[in-house]
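Derivation of every value follows stated rules applied to the coordinates shown; laboratory data play no part. Predicted model only: the values in this text are computed from it and were never measured. Positions of Cβ are generated from backbone atoms using ideal geometry, with glycine treated the same way; all protein chains shown enter the neighbour counts.
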Amino acid sequence: MNNSGEPETIVGEAEYLMIRLADEIVGGILEHAAAGRTYVLGLATGSTPLPLYAELVRRHRNEGLSFQNVVTFNLDEYEHLKPDDPMSYHAFMRKELFDHVDIKLELTFIPPAFYEDELSAAQAYERTITQYGGIDLQIVGIGSNGHIGFNEPGSEQTTRTRRVELTEATRRAAAKGFGGLENVPTHAMTMGVETIMEARRIILLATGAHKAAIVQKAMSGNISSTVPATFLQDHSSAAWYLDTSAAGR
Ligand code: F6R
């Protein structure tokens with residue numbers, strides 16, 4: 001929602017959306033580079049941002065876009081998946097983006113999958129975000145149950161980075177990739193709603209007709225933890241990037 005109460009909504013074909021979103025990210029990277037500053041980008045995994053990452057890789061290869069001044073923070077990671085496990089979000093990010101651009105890998109942060117003490121691990125992640133000055137732009141997807149990151153229904157606005165239990169709906173949505181529901185982790189570490197809301201700008205990206213119903217609820221439903229994505233309505237600089245199918249309602 002912007003201050004007039006109207007969410008900024010960009011609707012178009014998926015290809016157009018990804019180009020427009022890449023333009024916004026590249027604009028931020030270049031502007032910060034010109035000022036000698038790092039650009040702090042919050043990233044999501046899942047199928048929705050795949051074409052965005054492909055476009056960013058293309059711009060690096062063909063247009064010389066550099067990620068040398070970029071620091072990234074991912075929203076979440078499954079518990080107990082090793083970084084080289086192909087289903088881990090660590091592996092996902094390397095495969096889809098990090099291994100194909102000139103980003104400094106030591107400046108790419110993803111919540112840990114292993115920890116002795118979940119609270120200190122979560123707090124350490126938050127501290128690292130703060131240390132880099134907070135997130136300039138956070139990309140988020142939306143789950144069919146309205147989750148953002150792995151903030152499942154019931155996640156309050158005040159939640160911070162923490163260990164969470166995944167809902168059956170979320171685990172089912174991931175089951176195919178894991179070769180069966182029984183292989184999908186039951187827990188994850190996720191940025192909290194409040195952590196996400198502290199980003200200076202948030203872009204929610206949704207594509208496909210299967211997201212139309214939840215997108216409608218998220219954008220115009222009552223703001224409540226029942227649909228955590230509704231909290232974005234309260235952000236001063238949030239935008240909804242929707243393809244024509246996801247915007248269908
Ligand atoms: C991924 C994440 C999730 C996904 C959401 C949509 O890092 O935090 O909230 O964004 O589940 O997933 P896809 O894009 O696969 O439909």
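Looking at (1) surrounded by fewer than 17 Cβ atoms within 10 Å (Cβ to Cβ); (2) more than 21 Å from Ala35 (Cβ to Cβ); (3) touching an Asp or Glu at 6+ places or on another chain (Cβ under 7 Å), which is the one condition that is false for Gln68?
With (1) surrounded by fewer than 17 Cβ atoms within 10 Å (Cβ to Cβ); (2) more than 21 Å from Ala35 (Cβ to Cβ); (3) touching an Asp or Glu at 6+ places or on another chain (Cβ under 7 Å) applied to Gln68, the lone miss is (2).
For the range 168-224, what are the residues that are acidic (Asp, Glu) and within 15 Å of the ligand (Cβ to nearest atom)? Even if it seems obvious, please write down each step before you answer.
Going residue by residue through the range 168-224, those that are acidic (Asp, Glu) are 168, 182, 194, 198.
Glu168, the sole residue that qualifies.
Please go through (1) of a type outside the set (S, T, N, Q); (2) in contact with a Ser or Thr (Cβ under 9 Å, 6 or more places away or on another chain); (3) over 15 Å from Glu77 (Cα atoms); (4) touching a residue at least 60 places away in the same chain (Cβ under 8 Å) for Gly134 and return the number of the only condition it doesn't satisfy.
(2)
Pairs under 8 Å by beta carbon, first residue in contact (Cβ under 8 Å) with a residue 40 or more places away in the chain and more than 15 Å from Val26 (Cβ to Cβ) in the range 91-108, partner of a type in the set (Lys, Arg) and in a helix (DSSP H, G or I), six or more apart or different chains?
His100/Arg61
Just checking, how many residues over the range 169-221 are of a type in the set (Gly, Ala, Ser) and surrounded by 21 or more Cβ atoms within 10 Å (Cβ to Cβ)?
Filtering the range 169-221 for residues of a type in the set (Gly, Ala, Ser) gives 169, 173-175, 177, 179-180, 188, 192, 199, 206, 208-209, 212-213, 218, 220-221.
With the extra rule that they be surrounded by 21 or more Cβ atoms within 10 Å (Cβ to Cβ), the set shrinks to 188, 192, 199, 206, 218.
Here the count works out to 5.
Given the conditions (1) free of Cβ contacts under 8 Å to residues at least 60 places away in the same chain; (2) more than 22 Å from Pro49 (Cα to Cα); (3) touching an Asp or Glu at 6+ places or on another chain (Cβ under 6 Å), and given that Thr161 satisfies all but one, which numbered condition is not satisfied?
(2)
Would you pick out the residues in the range 38-78 that are part of a loop (DSSP other than H, G, I, E, B), touching a residue at least 24 places away in the same chain (Cβ under 8 Å), within 14 Å of the ligand (Cβ to nearest atom) and not aliphatic (A, V, I, L, M)? Working first, answer last.
To start, the set of residues in the range 38-78 that are part of a loop (DSSP other than H, G, I, E, B) comprises 38, 44-49, 64-69, 75.
Now drop any that are not touching a residue at least 24 places away in the same chain (Cβ under 8 Å), which leaves 38, 44-46, 48-49, 65-69, 75.
Next, only the ones that are within 14 Å of the ligand (Cβ to nearest atom) stay: 44-46, 48-49, 75.
Thr45, Gly46, Thr48, Pro49 - these are the residues of the range 38-78 that are part of a loop (DSSP other than H, G, I, E, B), touching a residue at least 24 places away in the same chain (Cβ under 8 Å), within 14 Å of the ligand (Cβ to nearest atom) and not aliphatic (A, V, I, L, M).
Residues checked against (1) in contact with a helix residue (DSSP H, G or I) (Cβ under 9 Å, 6 or more places away or on another chain); (2) farther than 19 Å from Ala238 by Cβ; (3) assigned to a strand (DSSP E or B):
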| position | (1), (2), (3) |
| --- | --- |
| Thr130 | no, yes, no |
| Gln138 | yes, no, yes |
| Gly146 | yes, no, no |
| Glu156 | yes, no, no |
| Thr159 | yes, no, no |
